[in-house]
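Chemist: Structure incoming, see below.
The values are calculated or read from the model by the stated rules, or taken from the named source; none is laboratory data. Computed from a predicted model, the values in this text were never measured in an experiment. Cβ: placed from backbone, ideal geometry, glycine included. Neighbour counts: every protein chain shown. To get the accessible areas, we keep the full protein, side chains included, count just its heavy atoms, and leave off ligands, DNA and RNA. Shrake-Rupley method; radii C 1.70, N 1.55, O 1.52, S 1.80 Å.
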Amino acid sequence: MENNFKKVLKHYQFNESDSKELMKIKDIALKYIDELLLGFYDFIFKFDHARMFLNNKEIQKRHEVGIQNWYLSLFCGNYDAFYFEKLNYISEVHVKIGLPTHYVNAAFSYIRRFMKDVLIKEKMFNSLNSLDKIIDINLDILTVVYKEEEQSKLVDEILFLKNAVDEGNIVPYFQAIFNSKTLKIEKYESLMRIKTKDNSEVVSIFKYLDLSKKINLYEKMMYLMFEKSFDVFCNKGFEFSLNLCYEDIQNESFRNFIYEKVRRCKNSNYIIFEILESDCIKDFSVVQEFIYTIRAFGCKIAIDDFGSGYSSMENILKLKPDIIKIDGSLIKDINTSLESKKIVKNIVRMAKDLKAYTVAEYVHSKEVFNIVVDLEVDFLQGFYLAKPQRFIKQNNEKNL
């Protein structure tokens with residue numbers, strides 16, 4: 001700690017004159033402390049997480065004492081190893097309780113602005129630079145544990161993904177899609193999951209998606225996902241869908257892999273490829289060529305997450321989708337949002353004009369179920385009806 005805190009002070013060019021400048025304004029800081037605290041809590045209570053952490057008067061009072069002590073210590077004039085140990089302790093507490101770094105940064109921003117206004121008002125211009133230095137030092141120390149925690153977490157996640165690929169622990173889970181009129185299962189969506197090393201847990205790829213692309217594991221994961229999905233479904237009498245993004249389609253080797261899998265599939269007319277509507281398609285001709293090729297095998301095309309992206313109607317018409325999957329953001333609140341209901345109603349009408357079927361994703365309650373059925377959505381998908389699962393049930397009906 002002795003050398004570490006001295007390095008920090010040196011890095012910020014914080015010296016004895018800064019210590020003296022800060023000691024000069026301690027009485028001024030004390031003079032304005034009530035005003036600071038009043039404005040500070042008015043400011044932070046605009047954040048939802050502040051209400052969550054400071055959820056009763058006793059906790060808020062302890063927090064207020066802690067903020068007051070920390071604030072006054074900014075002007076103590078003695079920035080030694082003990083001072084930095086206290087800052088490290090505060091940082092560790094923040095991490096332990098899960099306090100977001102955004103809250104820390106916002107709180108510091110408020111206190112910096114407040115004190116600068118005070119010093120200008122009191123004509124203590126020479127102290128402004130020293131104030132900036134000590135606040136920057138505090139912010140650095142109070143977030144360093146977050147950085148270490150994030151780095152450690154990143155390493156763990158990279159190893160987790162690498163092991164999953166090496167050991168073939170990328171597995172497809174299947175979520176049933178129900179006919180809204182008969183309530184029978186007519187399709188399944190294949191969803192990528194990752195098994196933990198000890199098989200104790202299966203997790204979604206969603207939170208690891210960006211990282212898998214950065215460390216060049218995403219393509220290998222997609223190969224495993226498609227290989228296993230085809231093994232399960234290819235010769236069964238159910239339609240099943242696989243998700244593709246533009247990045248997948250523009251990858252020539254992966255396209256050829258898909259063509260070969262489809263060619264060998266006994267029931268290729270049961271395969272649906274879901275293409276994300278929100279993807280930025282740089283070369284539409286590549287997508288068109290892919291669609292033309294797989295349609296020659298009888299495969300279908302679905303536009304996924306429709307209503308969440310920015311595709312033009314021209315592109316939608318070029319794709320000529322067989323299925324339009326309405327984005328979950330429009331479905332999940334349809335029972336409380338009149339706007340969502342109107343948008344979904346218009347999407348259903350448009351799909352009928354295009355002779356395309358519609359699927360409502362994220363059907364999570366009886367109320368939502370009833371609304372989308374009334375809106376004449378063709379197919380329904382969501383946790384209310386069925387969760388993604390490893391093995392497919394033989395019974396293809398859902399009692400509602």
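Chemist: Keeping all protein chains in position, work out how much accessible area His94 exposes to a 1.4 Å probe, and write it in Å² to the nearest 10.
Modeler: That residue has around 40 Å² of solvent-accessible surface.
Chemist: Further question on the same structure: With a 1.4 Å probe and all protein chains left in place, how much of the accessible area of segment 1-152 comes from carbon and sulfur atoms, in whole percent? Please report the intermediate quantities before stating the final value.
Modeler: On the way: 4760 of 8890 Å².
Ligands and nucleic acids excluded, carbon and sulfur reach 54 percent.
Chemist: Calculate, in whole percent, how much of the Cα-Cα pair population of segment 1-146 lies beyond 23 Å. Walk me through the numbers on the way to the answer.
Modeler: Details: 3671 of 10585 pairs.
Value for segment 1-146 (Cα pairs over 23 Å): 35 percent.
Chemist: Mind listing the phi-derived Karplus ³J(HN,Hα) values for segment 164-170, rounded to whole Hz, using 6.51, -1.76 and 1.60 with θ = phi - 60°, and x for any glycine or proline?
Modeler: Whole-Hz 3J(HN,Hα) from phi for segment 164-170: 4, 5, 4, 9, x, 8, 8.
Chemist: Please compare each pair in Lys236/Lys366; Lys207/Lys387; Lys24/Lys133 to a cut-off of 24 Å on the Cα-Cα distance and tell me which ones are over it.
Modeler: Checking Cα-Cα distances, Lys236/Lys366 exceed 24 Å.
Chemist: Place +1 on the Cβ of every Lys and Arg and -1 on the Cβ of every Asp and Glu in the chain, take the dipole about the Cα centre, and give the residue among Val377, Ile141, Tyr259 whose Cα lies farthest towards its positive end.
Modeler: In the chain, that residue is Val377.
Chemist: Assign unit charges at the C-beta atoms only (+1 for Lys and Arg, -1 for Asp and Glu), then state the dipole size of the chain relative to its Cα centre in Debye, rounded to the nearest 20.
Modeler: In total the dipole reaches around 700 debye.
Chemist: Given (1) 70, 44, 39; (2) 82, 47, 41; (3) 98, 53, 39, which label gives Cα extents along the principal axes in Å as computed from the coordinates?
Modeler: (2)
Chemist: Can you compute the equivalent ellipsoid semi-axes for segment 152-243, i.e. the square root of 5 times each eigenvalue of the Cα gyration tensor, sorted largest first and rounded to whole Å? Show your work: numbers first, answer last.
Modeler: Values: eigenvalues 161, 34, 27 Å².
Equivalent ellipsoid of segment 152-243: 28, 13, 12 Å, largest first.
Chemist: Continuing with the same structure: Ignoring ligands, DNA and RNA, what accessible area per residue does the chain give at 1.4 Å, in Å²? Display every interim value, and only then the final one.
Modeler: Values: 21660 Å² over 400 residues.
Heavy-atom SASA per residue in the chain reads 54 Å².
Chemist: With angles folded into 0 to 90 degrees, how steeply does helix 252-264 sit against the dominant principal axis of the chain? Use alpha carbons for both and round to 10.
Modeler: It works out to around 40 degrees.
Chemist: Give me the dipole magnitude in Debye, nearest 20, for segment 1-151 about the Cα centre, with unit charges on the beta carbon: positive for Lys and Arg, negative for Asp and Glu. It would help to have the intermediate numbers written out before the result.
Modeler: Numbers: 21 positive and 22 negative charges, 58 e Å.
Value, rounded to 20: 280 debye.
Chemist: Order these peptides, 382-389, 62-69, by their mean beta-carbon neighbour count within 10 angstrom, highest first. Write down the numbers at each step before the final one.
Modeler: Working: 382-389: 16.2, 62-69: 13.2.
The most tightly packed comes first, giving 382-389, 62-69.
Chemist: Per DSSP H run of n ≥ 4, the term is -39500 (n - 2.57); total these for the chain, divide by its residue number, and report the mean residue ellipticity at 222 nm rounded to 500 deg cm²/dmol. Before the final figure, lay out the partial values.
Modeler: Details: 18 runs with 225 residues, N = 400.
Mean residue ellipticity at 222 nm (helix-derived): -17500 deg cm²/dmol.
Chemist: Here is a further query. Before anything else, pin down the relative contact order of the chain: Cα pairs under 8 Å, at least 6 apart, normalised by residue count, whole percent. If you can, show how the numbers build up before the last one.
Modeler: Values: 515 pairs, mean separation 50.4, N = 400.
RCO, the chain: 13 percent.
Chemist: Further question: Name the residue farthest towards the positive end of the dipole of the chain from the options Val118, Val287, Ile67, assuming +1 on Cβ of Lys and Arg, -1 on Cβ of Asp and Glu, about the Cα centre.
Modeler: It is Val287, whose Cα lies furthest towards the positive end.
Chemist: With a 10 Å cut-off between alpha carbons and a GNM built on the chain, which of Gln175, Gln381, Gln288 moves the most?
Modeler: Gln288
Chemist: Mind ordering 343-353, 30-40, 317-327 by average Cβ neighbours within 10 Å, highest first?
Modeler: Highest-to-lowest ranking by the protection proxy: 317-327, 343-353, 30-40.
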